[in-house]
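Novice: Before we start, here is the structure in question, set down as structure tokens.
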Amino acid sequence: MNQFRPAALFTILVLIVVIPHSMAQEVYTTFDYPGWETQLIAVSGNNIIGQISSSNVDFLYNGSTFTDIQDPFATGVTYAYGISGNSIVGSYNRSGVFHGFIYDGSSYTTFNHPLGTNGTSLDAIDGNNLVGGYADSSNNTHSFLYSNGTYTTLNDPLAVVGGTLPCGISGNNIAGNYYADVYHTTLQGFLYNISTDTYITLADPLGTGGTVVTGVSGNNVVGYYYSSTGAHGFFYDGSTYFTLDDPLATNRTYATGISGNTIIGNYYSTSQSVHGFILTLPEPSSWPLVLLGLGMLAVIKIQFSKRTHRETLSLL
């Protein structure tokens, strides 16, 4: 994480590089920042945030234009993690300390948790609600929900101290992952309901190597899981897990975000290069029938993209 774009925001007018391909009623489209390997991070409507894989430069794509995401206060990298409408959240490095930010499409606002002596990161946004994490004066990490001026600690009861990692928020639902062991070796997904103050563990039955949640939209969750056959994306509709494998992938597909019936993610090709993809599903009422008809019963998993925000805090 030692390369970064100079602190300047600019727009590149280019043609998006896409390679259409489909599987039955699912339509996958390869999405790359022109000329570069690409990882997609989060989506909201037609807006997508991603990263040029080889340079740690994050970008916003609004359907026609790419714009670099670079907080002007940063002296190091700027990481974008979440998006809702025109609002983007993430963290930036200034003189070795990470600070959260909110970008509204024209200006950046720094956001620091009052106890975040050693750093703050914002991971997701939904309207006026924010989720993120901070490192206190003892460098212990904590997660939080910020809503209407109030901070609420997020702590899955099955997680070790500092092991709760939110990654998305949609209405009353917060999605994320937790570590159940002190060595932080394996992530497990969770879904937290704000109104009922209850945590539900998400564990794809095929995820023998672990489960990672990356995004939530309404009651629908996406992520990826590891099994003996590699890494596979998944879609969870609240009752059933469905595997998502890009047909151009070798054995690694990662779903990293969802907005309505649009899922984004990344896959590795036979050349081991990484590419983003956009997957358009049918109307929600027909998702289960379509996916089951394709024999796509599935699970969840863990790896790279949609960098868990503690990747940032671990650098503090």
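Novice: Say whether the condition of being modelled with pLDDT of 95 or more and in contact with an Asp or Glu (Cβ under 7 Å, 6 or more places away or on another chain) is met by at least one residue in the stretch 280-299.
Specialist: no
Novice: Is it the case that some residue within the stretch 98-120 is among the small types (Gly, Ala, Ser), within 18 Å of the chain's Cα centre (by Cα) and on the phi < 0 side of the Ramachandran plot? Can you show your working first?
Specialist: Filtering the stretch 98-120 for residues among the small types (Gly, Ala, Ser) gives 100, 105-107, 116, 119.
Retained after the next criterion (residues that are within 18 Å of the chain's Cα centre (by Cα)): 100.
Still in the list and also on the phi < 0 side of the Ramachandran plot: 100.
So far as the stretch 98-120 goes, yes, one or more of its residues are among the small types (Gly, Ala, Ser), within 18 Å of the chain's Cα centre (by Cα) and on the phi < 0 side of the Ramachandran plot.
Novice: Hey, among SER147, SER91, which residue is in contact with a helix residue (DSSP H, G or I) (Cβ under 6 Å, 6 or more places away or on another chain) and among the small types (Gly, Ala, Ser)?
Specialist: So the residue among SER147, SER91 that is in contact with a helix residue (DSSP H, G or I) (Cβ under 6 Å, 6 or more places away or on another chain) and among the small types (Gly, Ala, Ser) is SER91.
Novice: Can you give me the number of residues within the stretch 185-219 that are of a type in the set (Gly, Ala, Ser) and outside any strand (DSSP E or B)?
Specialist: Result for the stretch 185-219: 6.
Novice: List every residue pair whose Cβ atoms lie under 7 Å apart, where the two residues are 6 or more positions apart in sequence or sit on different chains, the first residue falls within the stretch 191-217 and is under 17 Å from THR153 (Cα atoms), and the second residue, located anywhere, is surrounded by 13 or more Cβ atoms within 10 Å (Cβ to Cβ) and among the acidic types (Asp, Glu).
Specialist: What qualifies is TYR199/ASP156.
Novice: Quick check on the stretch 150-161. Is at least one of its residues farther than 23 Å from SER239 by Cα, surrounded by fewer than 21 Cβ atoms within 10 Å (Cβ to Cβ) and touching a Ser or Thr at 6+ places or on another chain (Cβ under 6 Å)?
Specialist: yes
Novice: Oh, and also: Can you confirm whether SER53 is modelled with pLDDT under 95, surrounded by 13 or more Cβ atoms within 10 Å (Cβ to Cβ) and within 28 Å of PRO72 (Cβ to Cβ)?
Specialist: Yes, satisfied.
Novice: Also, quick follow-up: Scan the stretch 25-36 residue by residue and report those that are modelled with pLDDT under 95 and of a type outside the set (Phe, Trp, Tyr).
Specialist: Across the stretch 25-36, the qualifying residues are GLN25, GLU26, VAL27, PRO34, GLY35.
Novice: So, one more: Only one residue in TYR146, TYR103 is touching a strand residue (DSSP E or B) at 6+ places or on another chain (Cβ under 8 Å), more than 23 Å from THR196 (Cα to Cα) and either hydrophobic (A, V, I, L, M, F, W, C) or touching a residue at least 12 places away in the same chain (Cβ under 8 Å) (or both), so which one is that?
Specialist: It is TYR103.
Novice: Can you tell me how many residues in the stretch 77-105 are in a loop (DSSP other than H, G, I, E, B), modelled with pLDDT of 95 or more and of a type in the set (Gly, Ala, Ser)?
Specialist: Selection size over the stretch 77-105: 3.
Novice: Moving on to the next point. Scan the stretch 223-251 for residues that are free of Cβ contacts under 8 Å to residues at least 60 places away in the same chain and part of a loop (DSSP other than H, G, I, E, B) and jot them down.
Specialist: Residues satisfying the conditions are SER228, THR229, ASP237, GLY238, SER239, THR240, ASP245, ALA249, THR250, ASN251.
The values are calculated or read from the model by the stated rules, or taken from the named source; none is laboratory data. Please read these numbers as outputs of a predicted model, since none were measured by experiment. Don't worry about glycine lacking a Cβ; one is built from the backbone with ideal geometry, like all the others, and counts go over all protein chains shown.
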